[in-house]
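A quick write-up on the structure given underneath.
The values are calculated or read from the model by the stated rules, or taken from the named source; none is laboratory data. Please read these numbers as outputs of a predicted model, since none were measured by experiment. Here Cβ is always computed from backbone atoms with ideal geometry, including for glycine, and neighbour counts include all displayed protein chains.
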């Protein structure tokens, strides 16, 4: 029975998810994400795919985050013509995120070409353009949860709620060949049990092989009650210091969690004394998608018929001109801006104007990949370089782990525990420091036949 999987991304690293499935004569790509990090890491996105894009029959994307979906436009530009299956809400978010990614590629190429021109070097082209991304959206097919869909001869796809962000899915692929049947389950990104917005992660009982993310496989997050208390202290100390608060946040997931918590704890955190800026055009659009799919999460975030959370002092700044006026404010501003790892976007302008001010506070609420400016700040860097200039880091930096949209070690073990007969489990989407402790717990506590996926490794299911 030809049912094989080969690992080509997010192996011993967190970004760039990419797996090739062979089911009979069909070749199915599971995920097609961008590699994110420093310049060396992101240069890998320009390397050829380890397969011919026109030979792929179908693509399955677990959710909209760019490290899972961001190379789909490149795949299409290089000749892929088939469908891209994902949840309907993920499709709606990709409608926003992929063109934005293409626009950023164009701007990065423009910036690089200016530098190259001064050095007499040749020009580069964008990884893909906004137009490429918009064209690729036509190939997306939005599905509902728990609705089996035949995507290739003998191969059935079913999506289940992963509890991570809106539309995020656990992927089940069942392949039948005559009387033989095999089941592969891919966790996608699993949500944290204390997630403010999303519903609990679905548990499945059967699989012949499991791919499981391992982002936080080495630790447990703080309980949400401690996170609330920690944020309370941050707001109090920032108000006493008469500074601003900068929150680099992923525009899908973390931004909406923050807005929900601010609405729920508005009085407790004395937020009426602040101006709250949602300084992200994509974050504004993504929040509206959340309002359109509010039936997918139980928590109350929006008032009836409203596209925005119930925050009377929330200011949504779409234009660059509106964003620039924020930098005139020296105290009393809470700025939620992308990107979540400080690799680009408007947060860099706010860092330029605030990171050297000791009365200001930087609140890190998401995972920071190796090589990113966000990771350097979390690791205690004394300075940060922005557009070629060095800035002293004097703002107070807070890392709030309890707001992660990813499962922690206990959640991951609990999710795998639901499978009967302990199927083989392969750890992906994690760095070594997170994978090794999780691997040992899986083997020791649960007797699981577990391993860490290696680049190019092929398994038979």
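Has segment 325-340 got at least one residue that is in the same structural domain as residue 244 (by TED's automatic domain parsing), surrounded by fewer than 15 Cβ atoms within 10 Å (Cβ to Cβ) and free of Cβ contacts under 8 Å to residues at least 24 places away in the same chain? The answer is yes, given that some residue of segment 325-340 is in the same structural domain as residue 244 (by TED's automatic domain parsing), surrounded by fewer than 15 Cβ atoms within 10 Å (Cβ to Cβ) and free of Cβ contacts under 8 Å to residues at least 24 places away in the same chain. Determine whether residue 345 is buried (at least 18 other Cβ atoms within 10 Å of the Cβ), touching a residue at least 24 places away in the same chain (Cβ under 8 Å) and on the phi > 0 side of the Ramachandran plot. It is true that residue 345 is buried (at least 18 other Cβ atoms within 10 Å of the Cβ), touching a residue at least 24 places away in the same chain (Cβ under 8 Å) and on the phi > 0 side of the Ramachandran plot.
Suppose the filter is free of Cβ contacts under 8 Å to residues at least 40 places away in the same chain, under 25 Å from residue 281 (Cβ atoms) and surrounded by fewer than 21 Cβ atoms within 10 Å (Cβ to Cβ); does residue 47 pass it? It would help to see each step written out before you state the result.
On the way: free of Cβ contacts under 8 Å to residues at least 40 places away in the same chain: yes; under 25 Å from residue 281 (Cβ atoms): no; surrounded by fewer than 21 Cβ atoms within 10 Å (Cβ to Cβ): yes.
Judged against the criteria, residue 47 is not a match.
Looking at the structure I just gave you, is residue 125 assigned to a strand (DSSP E or B) and in the same structural domain as residue 44 (by TED's automatic domain parsing)? Answer is no for this residue.
In segment 433-456 there is no residue matching the filter, namely being in contact with a helix residue (DSSP H, G or I) (Cβ under 8 Å, 6 or more places away or on another chain), closer than 18 Å to residue 192 by Cα, at pLDDT 95 or above and part of a strand (DSSP E or B).
Please verify whether segment 241-255 includes one or more residues that are assigned to a helix (DSSP H, G or I), farther than 25 Å from residue 168 by Cβ and at pLDDT 90 or above.
Yes: segment 241-255 contains one or more residues that are assigned to a helix (DSSP H, G or I), farther than 25 Å from residue 168 by Cβ and at pLDDT 90 or above.
Using the structure shown, decide if residue 259 is surrounded by 23 or more Cβ atoms within 10 Å (Cβ to Cβ), over 23 Å from residue 194 (Cα atoms) and touching a residue at least 12 places away in the same chain (Cβ under 8 Å). Spelling it out, it is not the case that residue 259 is surrounded by 23 or more Cβ atoms within 10 Å (Cβ to Cβ), over 23 Å from residue 194 (Cα atoms) and touching a residue at least 12 places away in the same chain (Cβ under 8 Å).
The residues of segment 228-239 that are farther than 12 Å from residue 273 by Cα and either part of a loop (DSSP other than H, G, I, E, B) or over 28 Å from the mean Cα position of the chain (by Cα) (or both) amount to a single one, 237. Starting from segment 138-156, take each residue that is in the same structural domain as residue 99 (by TED's automatic domain parsing) and list its partners that are at pLDDT 95 or above and exposed (fewer than 13 other Cβ atoms within 10 Å of the Cβ), counting only C-beta distances under 7 angstrom and pairs at least six apart or across chains. Partner pairs satisfying both residue conditions: 156/148; 156/150. Of everything in segment 291-340 that is closer than 30 Å to residue 202 by Cβ and not in a loop (DSSP other than H, G, I, E, B), the residue that is nearest to the chain's Cα centre (by Cα) is 336. Entry remark, segment 26-44: residues being without any contact (Cβ under 8 Å) to a residue 60 or more places away in the chain, surrounded by fewer than 20 Cβ atoms within 10 Å (Cβ to Cβ) and within 16 Å of residue 84 (Cα to Cα) number 1 in total. Is it the case that some residue within segment 208-227 is closer than 21 Å to residue 290 by Cβ, surrounded by 18 or more Cβ atoms within 10 Å (Cβ to Cβ) and touching a helix residue (DSSP H, G or I) at 6+ places or on another chain (Cβ under 9 Å)? Yes - at least one qualifying residue is present in segment 208-227. Taken together, the residues in segment 386-415 that are touching a strand residue (DSSP E or B) at 6+ places or on another chain (Cβ under 6 Å), in contact (Cβ under 8 Å) with a residue 24 or more places away in the chain and not in a loop (DSSP other than H, G, I, E, B) amount to 7. Just one residue in the set 79, 70 is without any contact (Cβ under 8 Å) to a residue 40 or more places away in the chain, crowded, with 21+ Cβ neighbours inside 10 Å and outside the structural domain of residue 318 (by TED's automatic domain parsing); that residue is 70.
Checking 362, 311, 403 one by one, the residue that is buried (at least 23 other Cβ atoms within 10 Å of the Cβ) and modelled with pLDDT under 90 is 403 and no other. Would you mind telling me which numbered condition in (1) touching a residue at least 24 places away in the same chain (Cβ under 8 Å); (2) in a helix (DSSP H, G or I); (3) farther than 27 Å from residue 166 by Cβ; (4) in the same structural domain as residue 24 (by TED's automatic domain parsing) residue 422 fails? Failing condition for residue 422: (2). Just one of the numbered conditions (1) touching a residue at least 60 places away in the same chain (Cβ under 8 Å); (2) under 22 Å from residue 372 (Cα atoms); (3) over 17 Å from the mean Cα position of the chain (by Cα) is not true of residue 23: (2).
The number of residues in segment 159-177 being more than 16 Å from residue 412 (Cβ to Cβ) and either assigned to a loop (DSSP other than H, G, I, E, B) or outside the structural domain of residue 18 (by TED's automatic domain parsing) (or both) comes to 3.
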